[in-house]
Amino acid sequence: MRSKCSRRKFIKTASLGATSLAVGGIVQSPRRAWGYVPKDEINPKVSNLRVVYAHDNTMTSGAVLNTWPEQNAATYESVVAANMDKMACALAQKADAAQAWQTIFIKPPSKEWNQVVVAIKVNCIALVGSGMAQTTRNAVMKKMCEVLVNHLGVLGSNIHIYDGIHGNNMTYCWWYDLPSGVTIERRWRTNWVWAPIPPGGQAQCHPNIANGVADILINMTLCKGHDSAYGSFTMCLKNHFGTFEPNAGHGQADYLLNINKSEAILGQMDQGTGRILFPRQQLCLIDALWASRQGPTVVPSHCPNRLFMGTFGPVMDYLVATKFRRDTMGWPINAPVTERFLTDFGYTSPELPDGGAMVDALTWTPPQTTEGANRSWRLYQ
């Protein structure tokens, strides 16, 4: 059965009402702003604390290139696609890629896969001439869309790539060879609606996320520097400045963290407990094929040839910030703010597996026993 959610409906969803006085882009919510319950699992089959990576210098030519078209031309698509399958296997702890992707993504109980609407949030802020300096590279986007269509059965016409604040810049993004019907949304800059955020307010949000038109949200972001108020980097959590209106949260770590605890991003929550009933943001992916120490509106400074993947954005950001940006690249981070990416969501660094190890997807092998599952990877180097 074909989805009844047309592109027109997807773009023109009715807004949520709000009658309270807005102050600084935030209002008091007419109902409780349900927020993430500490340690509530996004996916019962994949730990929030499990983050995987692929470091493969054959994914690109290795050159530091300024424009997005140049980067695409220097990316080896088949290598990226194969590595993303390996990452899915390592994340879901499955030997078969199709089974792994089907474990990572959860179908809404009231729909078939050909009715499911998927929104992919990208970062489209940095322009150089007529080409994006940094946004998701074509090989990564193509593979992600092919996974949705080929392994799950999502219709291409139900996949929407967006950036709600820099959508006017999407004219410079020409992802190509995507499955038929995939829409690169270009008119998502306006029509914000009020959505509840914890601990008891509202903020302006993209209507198709706030109103649940998008069943599944994929956070497909980059690895760049940013203001110290956000930890000195922009990755998964900061990428949602564009799902939520960003001006209200400029320079505010609280706003950054609170929108990422909201129903709009994490999914519908039980009105009695606040626990997630069905997850909306089901996958986070950091494209660090090229990356930068500074940001956000910069050309890449390095070509690290890395991809990172997990189901829980706060933990991903913490691990990539500390293990990769700080320890590997030597780029500074704001440690107290970065620590809040764990503590505000109920975790502490000693709870992370193997002292904060990320799973090397290229050396990971399926565990022979359940007892071996947590010992089948080596520490991130």
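The values are calculated or read from the model by the stated rules, or taken from the named source; none is laboratory data. These figures come from a predicted structure and were not determined experimentally. Quick reminder, even Gly has a Cβ in these numbers, built from the backbone with ideal geometry, and neighbours come from all protein chains shown.
Descriptive notes on the structure:
- Candidates are the residues of the stretch 356-381 that are at pLDDT 90 or above and of a type in the set (Gly, Ala, Ser); the one that is surrounded by the most Cβ atoms within 10 Å (Cβ to Cβ) is ALA361.
- Residue, surrounded by the fewest Cβ atoms within 10 Å (Cβ to Cβ), within the stretch 125-178, restricted to residues that are among the β-branched types (Val, Ile, Thr) and at pLDDT 95 or above: VAL149
- Qualifying residue in the stretch 253-268 (condition: surrounded by fewer than 23 Cβ atoms within 10 Å (Cβ to Cβ), of a type in the set (Gly, Ala, Ser), in contact with a helix residue (DSSP H, G or I) (Cβ under 8 Å, 6 or more places away or on another chain) and touching a residue at least 12 places away in the same chain (Cβ under 8 Å)): yes
- Within the stretch 265-351, strands (runs of 3 or more DSSP E) holding 1 or more residues that are polar (S, T, N, Q) and at pLDDT 95 or above: 281-288
- Unique residue being more than 20 Å from SER47 (Cα to Cα) and touching a His at 6+ places or on another chain (Cβ under 7 Å) when the list is GLY249, GLY212, GLY242: GLY242
- Restricting the first member to the stretch 75-92 and to residues that are among the hydroxyl-bearing types (Ser, Thr, Tyr), and the second to residues that are assigned to a helix (DSSP H, G or I) and buried (at least 20 other Cβ atoms within 10 Å of the Cβ), the beta-carbon pairs closer than 8 Å and six or more apart or on different chains are THR75/ASN138; THR75/ALA139; TYR76/ALA139.
- Residue selected from the stretch 232-247 under the condition assigned to a strand (DSSP E or B) and in contact with a helix residue (DSSP H, G or I) (Cβ under 8 Å, 6 or more places away or on another chain), by the criterion surrounded by the fewest Cβ atoms within 10 Å (Cβ to Cβ): PHE241
Per-residue answers, yes or no, for (1) within 30 Å of LYS224 (Cα to Cα); (2) exposed (fewer than 14 other Cβ atoms within 10 Å of the Cβ); (3) touching a Leu at 6+ places or on another chain (Cβ under 8 Å); (4) modelled with pLDDT under 95:
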| position | (1), (2), (3), (4) |
| --- | --- |
| ALA14 | no, yes, no, yes |
| GLY17 | no, yes, no, yes |
| SER20 | no, yes, no, yes |
| ASN43 | yes, no, no, no |
| ASN48 | yes, no, no, no |
| ALA54 | yes, no, yes, no |
| ASN57 | yes, yes, no, no |
| THR60 | yes, no, yes, no |
| LEU65 | yes, no, no, yes |
